[in-house]
Every structure is written in C-alpha cells, then in structure tokens.
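First the structure, in the form of structure tokens, and then the observations on it.
FYI, it's all coordinate maths here, none of it is from the lab. This structure is a prediction, so every number in the text was calculated from the model and none was measured. Backbone-built Cβ (ideal geometry, glycine too); neighbour counts: all protein chains shown.
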Amino acid sequence: MRMIVGILSLAGWLLYVGQLISALNFGLAQRLGLQESPDSADPLLTHLELWAARWDLAWLWTLPVAGILMLLNHSLWPYASLIGGGAFVDAGGREAAKILGLRGRGVHTGTQGEHRLAMGVYLYLIAIGAASIVIGLLEVL
C-alpha cells in the first residue's frame, strides 16, 4: 500500500508545476488550460486563484516529497506523509468549498467542463492526502 500511495503522491509534482506556472504567469496558465478561461470565469475567481496558486507553492511540494520517501522506505516517510497528506486534504477541501460557495452565490467559476475537472482534481487531492495520513498513522502507531 505504501508503494501505491507513494507513486500516486508523485503526481502531486504535476499540480505543483501547474501552480508554479499560475503563480508566475497566470495568463500563460489560462492559455495552457491550467486555470479557468477569462471568458468563462468572474474576475473575482481569477484573483482568488492567483493568490491560491502563490500560497500552494509553500505547501504542495510536501506530499510528492513524502512519496519519494515512501518509495525509498526512508525512516521519515510516515511523518512526511502526515504533513503532506494534511496539506493535500486541506487544499482540496478548501478549494472545493471555495468554488461551491462562489457558484452558490452566482459567481461564474468557469465552464461546466472546467468545473468538473477542478472538482476531480480536488477529489484526488483529498483522496491521496487521506490515504497518506492513514498509512502514516498506521506506521507511527
């Protein structure tokens, strides 16, 4: 199980690179499809997503690093998986809550396809984060 979660955690690097591009050049991220199109999203969402991308740079690296430690069976992997898992659960849940809250108030948050993709990413963050927490706890306890 540790190896599977470790491998799945490495996909977090793709999210990190996406957020890095978003933080440095949001327009490029939109053109690449990493962020909602300016034609389909309220400027408020664009502003929130830019700042979320900048904040994510501080934390989204933690689970991919934990994944590497899991694959190497390094003695610190359980603790890293707890930290990284917590960061991913928080990021996924917070972003989903933000989008659902904005949509509930009539704020345009992208096309239906962009919305489905975003919710899928958030679900992935929550699922892999929760799995990392569980296996970390099982190892520590």
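Look through segment 16-75, keep the residues that are more than 17 Å from the chain's Cα centre (by Cα) and of a type in the set (Asp, Glu), and return whichever of them is surrounded by the fewest Cβ atoms within 10 Å (Cβ to Cβ). If we take residues in segment 16-75 being more than 17 Å from the chain's Cα centre (by Cα) and of a type in the set (Asp, Glu), then ASP39 is surrounded by the fewest Cβ atoms within 10 Å (Cβ to Cβ).
Out of VAL107, VAL121, which single residue is closer than 23 Å to LEU24 by Cα, touching a residue at least 60 places away in the same chain (Cβ under 8 Å) and of a type in the set (A, V, I, L, M)? The conditions single out VAL121.
With the structure loaded, tell me whether SER81 is out of contact with any Pro (no Cβ under 9 Å at 6 or more places or on another chain), part of a helix (DSSP H, G or I), under 22 Å from ALA127 (Cβ atoms) and among the hydroxyl-bearing types (Ser, Thr, Tyr) or whether it fails that test.
Working: out of contact with any Pro (no Cβ under 9 Å at 6 or more places or on another chain): yes; part of a helix (DSSP H, G or I): yes; under 22 Å from ALA127 (Cβ atoms): yes; among the hydroxyl-bearing types (Ser, Thr, Tyr): yes.
Judged against the criteria, SER81 is a match.
Among the residues of segment 19-35, those identified as more than 14 Å from THR46 (Cβ to Cβ) and without any contact (Cβ under 8 Å) to a residue 24 or more places away in the chain are ILE21, LEU24, LEU32, GLY33. Scanning segment 1-10 for residues that are more than 13 Å from the chain's Cα centre (by Cα), buried (at least 17 other Cβ atoms within 10 Å of the Cβ) and either of a type outside the set (A, V, I, L, M, F, W, C) or not in a helix (DSSP H, G or I) (or both) returns ARG2, GLY6. Exactly one residue out of LEU14, LEU50, LEU60, LEU71 is touching a Gly at 6+ places or on another chain (Cβ under 8 Å) and closer than 24 Å to ALA97 by Cβ: that is LEU60.
Is it the case that some residue within segment 98-113 is closer than 20 Å to VAL17 by Cβ, out of contact with any Lys or Arg (no Cβ under 6 Å at 6 or more places or on another chain) and either surrounded by fewer than 21 Cβ atoms within 10 Å (Cβ to Cβ) or not basic (Lys, Arg) (or both)? Looking through segment 98-113, none of the residues is closer than 20 Å to VAL17 by Cβ, out of contact with any Lys or Arg (no Cβ under 6 Å at 6 or more places or on another chain) and either surrounded by fewer than 21 Cβ atoms within 10 Å (Cβ to Cβ) or not basic (Lys, Arg) (or both).
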